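What follows is a set of notes on a single structure, which appears directly below.
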Amino acid sequence: MTSTSNTPVPAGKSTSRLRPEKRAAIMEGGRTVLAQHGIERASIDAIATASNVSTRTIYKHFKDKATLCTEIIAESAARVAEDITALIEKHLLEAISVEGRESAMTDFATAWLLTEAPSEEHRILMDQMHGIASHEEPALVEAWYQAGPGLVLGKLSEAFQSWDERGLLTVPRADIAAAHFAQLVSAGPNTVAVSNLSAAERSIWISAGVDVFLRAYGT
């Protein structure tokens, strides 16, 4: 990832000294620029302008463009992951009977997949991340995964491990079960059409995914 600014980049400094409101402005402005121009074409100058801060401020607290973009992506992913893990706690970590498994998983998946993302910018950024190969930007992809999808799958794994211990499921590997569940309920007719499914059609796919999951892991 190459910076398009000619301003020299000093040695990186900790962002801990950056005032919270300043950091929030940079993260918000950065999301806007990355969503509009893409990670590769975005520049430090454009992010500074969108954030209403100087390029000097950005370079003082972020080592380079790659570091800044990584933090912007990770923070955006973490915000969404926090909401999804709250849904897992609400729907899957409360007291549930064998009879209530299907409705609990369906309610969770529906709340997860039919709830709008915090912003259109976040959705665009996540689409960009899905298109970046891990060998092209390994640090960026790893930071995004750990802050977002990895956190969600970890919480989902925790829920299914709990269900296994309570006799609600038979789960030899909770992490594998979590990955299977996420793939099954988010499936669609094809990768292009998934994002265009109506709420009613999405619900049909969610119910089918839950049914297949219970056939595989139900006791």
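The values are calculated or read from the model by the stated rules, or taken from the named source; none is laboratory data. None of the values given here were measured: they were computed from a predicted structure. Cβ: placed from backbone, ideal geometry, glycine included. Neighbour counts: every protein chain shown.
Report yes if some residue within the range 111-122 is at pLDDT 90 or above, crowded, with 16+ Cβ neighbours inside 10 Å and not polar (S, T, N, Q); otherwise report no.
yes
Within the range 100-164, which helices (runs of 4 or more DSSP H) (wholly inside it) include 1 or more residues that are under 15 Å from GLU82 (Cα atoms) and among the basic types (Lys, Arg)? Before you say what the answer is, go through the steps one by one.
On the way: elements: 101-113, 120-130, 138-147.
Those helices (runs of 4 or more DSSP H) do not exist here; none qualify.
Run down THR49, THR57, THR32 and say which single residue is free of Cβ contacts under 8 Å to residues at least 24 places away in the same chain and not assigned by TED's automatic domain parsing to the domain that holds LEU140.
Details: THR57 fails: free of Cβ contacts under 8 Å to residues at least 24 places away in the same chain; THR32 fails: free of Cβ contacts under 8 Å to residues at least 24 places away in the same chain.
Going through THR49, THR57, THR32 in turn, just one is free of Cβ contacts under 8 Å to residues at least 24 places away in the same chain and not assigned by TED's automatic domain parsing to the domain that holds LEU140: THR49.
Which of the numbered conditions does THR57 fail, given that it passes all the others? Conditions: (1) assigned to a helix (DSSP H, G or I); (2) β-branched (Val, Ile, Thr); (3) exposed (fewer than 14 other Cβ atoms within 10 Å of the Cβ).
Checking THR57 against (1) assigned to a helix (DSSP H, G or I); (2) β-branched (Val, Ile, Thr); (3) exposed (fewer than 14 other Cβ atoms within 10 Å of the Cβ), the one that fails is (3).
Could you list, in sequence order, the residues of the range 69-81 that are touching a His at 6+ places or on another chain (Cβ under 9 Å) and of a type in the set (A, V, I, L, M, F, W, C)? Break it down into steps so the answer makes sense when it comes.
Filtering the range 69-81 for residues touching a His at 6+ places or on another chain (Cβ under 9 Å) gives 76-77, 79-80.
ALA77, VAL80 - these are the residues of the range 69-81 that are touching a His at 6+ places or on another chain (Cβ under 9 Å) and of a type in the set (A, V, I, L, M, F, W, C).
Filter the range 24-75 for residues that are over 24 Å from GLU136 (Cβ atoms) and of a type in the set (Lys, Arg) and give the result.
Initially, the range 24-75 is screened for residues over 24 Å from GLU136 (Cβ atoms), giving 24-26, 28-29, 48-57, 59-61.
Matches in the range 24-75: ARG56, LYS60.
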